[in-house]
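Asker: Can you keep this structure in mind? I'll have questions shortly.
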Amino acid sequence: MSGVAVVYDDSFLLHDYPGHPENAARLRAITGKLATDPALRDLPASPAPDADPEMLRAVHTERHILGVAHAAQSGGGWLDGDTYCTARSYDVALRAAGAAMRAAEMVMQHEVSGAFALVRPPGHHATPDHAMGFCLFNNAAVAARSAQRLYGAERVAVVDIDVHHGNGTQDVFYEDPSVLYCSLHQFPLYPGTGLQHETGAGRGEGTTVNVPLPPGTDGERWMYAFDTRVAPALAEHRPDVIVVSAGYDGHAADPLAELRLTTETYAQVAARIAAIAGELSGGRTVWVLEGGYDLDALAASVGATLQALEAA
Ligand SMILES: [Zn+2]
């Protein structure tokens with residue numbers, strides 16, 4: 001099985017707050033790139049369904065899900081200091097989680113080897129019980145759980161390449177030995193978690209791998225950290241599918257952080273993850289969009305990821 005597809009829904013543009021860095025222009029930049037780049041415009045695209053409520057509840061508490069629903073029903077507001085919710089945001093977030101589930105379905109059901117859910121709002125800071133850091137529901141965690149509970153994956157790995165630590169995803173799987181969570185992120189930086197000694201707890205001890213990297217880290221040193229810390233953990237875990245929390249705010253052009261990755265770095269890491277999945281995971285990779293706030297760098301880097309996956 002080969003090939004890559006994207007999962008997308010126009011409703012992802014309806015969660016918007018002009019002037020906020022996490023706004024609808026981000027996805028418009030990506031879809032504009034996909035529509036005009038000859039190497040990308042013929043990629044198969046799947047519509048996105050709403051998330052299965054059962055799978056959402058496999059990641060989040062009922063209290064959190066109803067809290068987002070009620071916030072939207074009452075016209076929206078701020079769920080934390082930097083996380084907005086509009087009247088449309090519950091519906092959009094439900095569909096974003098559904099898109100991540102659909103990407104997992106496409107890969108687990110052998111429709112394609114790689115599927116990229118181009119979603120907003122992002123998800124990796126959303127904890128079981130709280131919206132946080134621009135994130136309402138944890139799309140990547142929902143993809144991982146649905147791969148297990150609906151499509152028979154036993155072991156899953158979530159590789160988080162966003163420049164911020166995915167504290168929400170870490171929380172979801174911290175005591176779960178079946179899901180390896182690996183994150184490379186700038187430290188110090190929001191949200192302040194993801195230290196090297198955070199390695200999981202209980203039966204999940206050892207299945208959380210955090211690689212904090214100092215401001216200024218370039219692509220070469222980032223890839224070295226990936227190869228020496230993340231790749232061996234993947235080889236040990238032998239996941240049935242690799243879910244990637246695909247954030248692009250580690251790009252040198254990004255206004256929210258200070259790493260110095262390039263568009264080429266994102267092509268390299270996509271090729272590397274696809275190669276590892278080819279050896280360990282039947283080639284299966286599920287990509288879920290997280291951050292990335294320089295529009296040109298974001299669009300180019302998502303494009304580079306998709307081209308690398310197509311070539312894999
Ligand atoms: Zn981020």
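Asker: Which condition breaks for VAL269 when tested against (1) more than 13 Å from the ligand (Cβ to nearest atom); (2) open to solvent by 10 Å² or more (accessible area, probe 1.4 Å)?
Answerer: (2)
Conditions tested, residue by residue: (1) in contact (Cβ under 8 Å) with a residue 40 or more places away in the chain; (2) out of contact with any His (no Cβ under 6 Å at 6 or more places or on another chain).
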residue	(1), (2)
PHE134	yes, yes
VAL142	yes, yes
GLN148	no, yes
GLY152	yes, yes
VAL159	yes, yes
GLY168	yes, no
GLN186	yes, yes
LEU195	no, yes
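Asker: Shifting gears a bit: For the stretch 14-26, which residues satisfy the criterion of being in contact (Cβ under 8 Å) with a residue 60 or more places away in the chain and either in a helix (DSSP H, G or I) or of a type in the set (Gly, Ala, Ser) (or both)?
Answerer: Matches in the stretch 14-26: ALA24, ALA25, ARG26.
Asker: Select from the stretch 163-199 the residues that are open to solvent by 10 Å² or more (accessible area, probe 1.4 Å) and either farther than 27 Å from THR265 by Cβ or more than 16 Å from the ligand (Cβ to nearest atom) (or both) and list them in ascending order.
Answerer: Those that are open to solvent by 10 Å² or more (accessible area, probe 1.4 Å) and either farther than 27 Å from THR265 by Cβ or more than 16 Å from the ligand (Cβ to nearest atom) (or both): ASP171, VAL172, TYR174, GLU175, ASP176, PRO177, SER178, LEU195, GLN196, HIS197, GLU198, THR199.
Asker: Are any residues in the stretch 123-162 within 15 Å of the ligand (Cβ to nearest atom) and under 26 Å from ARG221 (Cα atoms), and if so, which ones?
Answerer: HIS124, HIS125, ALA140, VAL158, VAL159, ASP160, ILE161, ASP162
Asker: For TRP78, work out the one condition from (1) open to solvent by less than 10 Å² (accessible area, probe 1.4 Å); (2) of a type outside the set (D, E, K, R); (3) assigned to a strand (DSSP E or B); (4) more than 16 Å from the ligand (Cβ to nearest atom) it doesn't fulfil.
Answerer: Failing condition for TRP78: (1).
Asker: Sticking with this one: On the basis of being open to solvent by less than 40 Å² (accessible area, probe 1.4 Å), in contact with a Ser or Thr (Cβ under 9 Å, 6 or more places away or on another chain), more than 22 Å from THR61 (Cβ to Cβ) and of a type in the set (A, V, I, L, M), does ALA231 make the cut?
Answerer: no
Asker: Right, something else. Being open to solvent by 10 Å² or more (accessible area, probe 1.4 Å) and either farther than 24 Å from ARG41 by Cα or away from the ligand (no atom under 16 Å from the Cβ) (or both) narrows it down to one residue among ALA277, ALA311; which is it?
Answerer: Of the residues listed, the single one that is open to solvent by 10 Å² or more (accessible area, probe 1.4 Å) and either farther than 24 Å from ARG41 by Cα or away from the ligand (no atom under 16 Å from the Cβ) (or both) is ALA311.
Asker: Filter the stretch 241-264 down to the residues that are more than 11 Å from the ligand (Cβ to nearest atom) and open to solvent by less than 10 Å² (accessible area, probe 1.4 Å) and list them by number.
Answerer: Correct list: VAL241, ILE242, VAL243, VAL244, LEU261.
Asker: A follow-up question, please. Look at the stretch 209-232 and say how many of its residues are in a helix (DSSP H, G or I) and free of Cβ contacts under 8 Å to residues at least 60 places away in the same chain.
Answerer: 13
Asker: Could you tell me which of the residues SER146, SER178 is over 11 Å from the mean Cα position of the chain (by Cα) and either at pLDDT below 95 or under 16 Å from GLU236 (Cα atoms) (or both)?
Answerer: That would be SER178, the only listed residue that is over 11 Å from the mean Cα position of the chain (by Cα) and either at pLDDT below 95 or under 16 Å from GLU236 (Cα atoms) (or both).
Asker: Residues of the stretch 83-102 being open to solvent by 10 Å² or more (accessible area, probe 1.4 Å), closer than 14 Å to ALA69 by Cβ, among the aliphatic types (A, V, I, L, M) and in a helix (DSSP H, G or I), which ones?
Answerer: LEU94
Asker: Which condition from (1) surrounded by fewer than 19 Cβ atoms within 10 Å (Cβ to Cβ); (2) under 15 Å from HIS130 (Cβ atoms); (3) aliphatic (A, V, I, L, M); (4) in contact (Cβ under 8 Å) with a residue 24 or more places away in the chain is the one that VAL68 breaks?
Answerer: Here VAL68 clears every test but (1).
The values are calculated or read from the model by the stated rules, or taken from the named source; none is laboratory data. From a predicted model like this one, the values you see are computed outputs, not experimental measurements. Using ideal geometry, Cβ is built from the backbone for each residue, glycine included, and neighbour counts are taken over all protein chains shown. Side chains are part of the model used for accessible areas, which takes the heavy atoms of the whole protein and leaves out ligands, DNA and RNA. Shrake-Rupley method; radii C 1.70, N 1.55, O 1.52, S 1.80 Å.
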